[in-house]
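Structure, as structure tokens:
None of the figures in this text is laboratory data; all of them are computed from the coordinates on show. All of these numbers come straight from a predicted model, not from anything done at the bench. FYI the Cβ positions are ideal-geometry reconstructions off the backbone, even for glycines, and counts take in every protein chain you see.
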Amino acid sequence: GFRLFRWRTRFFISRRLESELPSGFNPADFVTRQAQAVHDDCLTRLLAGFTAAEAAQLMALLAQFGTLRSCAPQDAAVQEKVAALQAFITEHFYPCTDEILAGLGQMYAADERFRTNIDAAGGDGCAVFAAQAIAFYCAQQ
């Protein structure tokens, strides 16, 4: 009884929704757009707290990874840059825990806007290299 009622209700609701959606509607695209909108909102709020000088200093720190790309991400000099980046973020913006830093590193490589800006400052591949160095650093902590 109840299971059949629940199935019929779901079926009716899904059919009703399908008839009201525009043709070619793809739920996966909708979810992706919604996630992107939330990400963009968070990014806008985060960047709103930066002064131009702080943003320039942060980009200069990230650009330094570009000069070290001939080294391995595990190299001591590279890891010192990661520690300096974490300290700078903590001092100027918010407490940058290892977990937050790991997420930032992923974002630097995965988000096209970050990757483009970081690569413009430090050379092609700088963002991915920084992300690898950050991942190693956080795994060691």
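For the stretch 95-128, the residues whose amide N sits under 12 Å from a probe point set 7 Å from the Cα of F50 along the beta carbon direction are 108, 113-119, 121.
Here the stretch 98-141 has an Rg and Dmax of 10.0, 30 Å, counting Cα atoms alone. Calculate, in whole percent, how much of the Cα-Cα pair population of the stretch 55-141 lies beyond 16 Å. Roughly 45 percent, rounded to a whole number.
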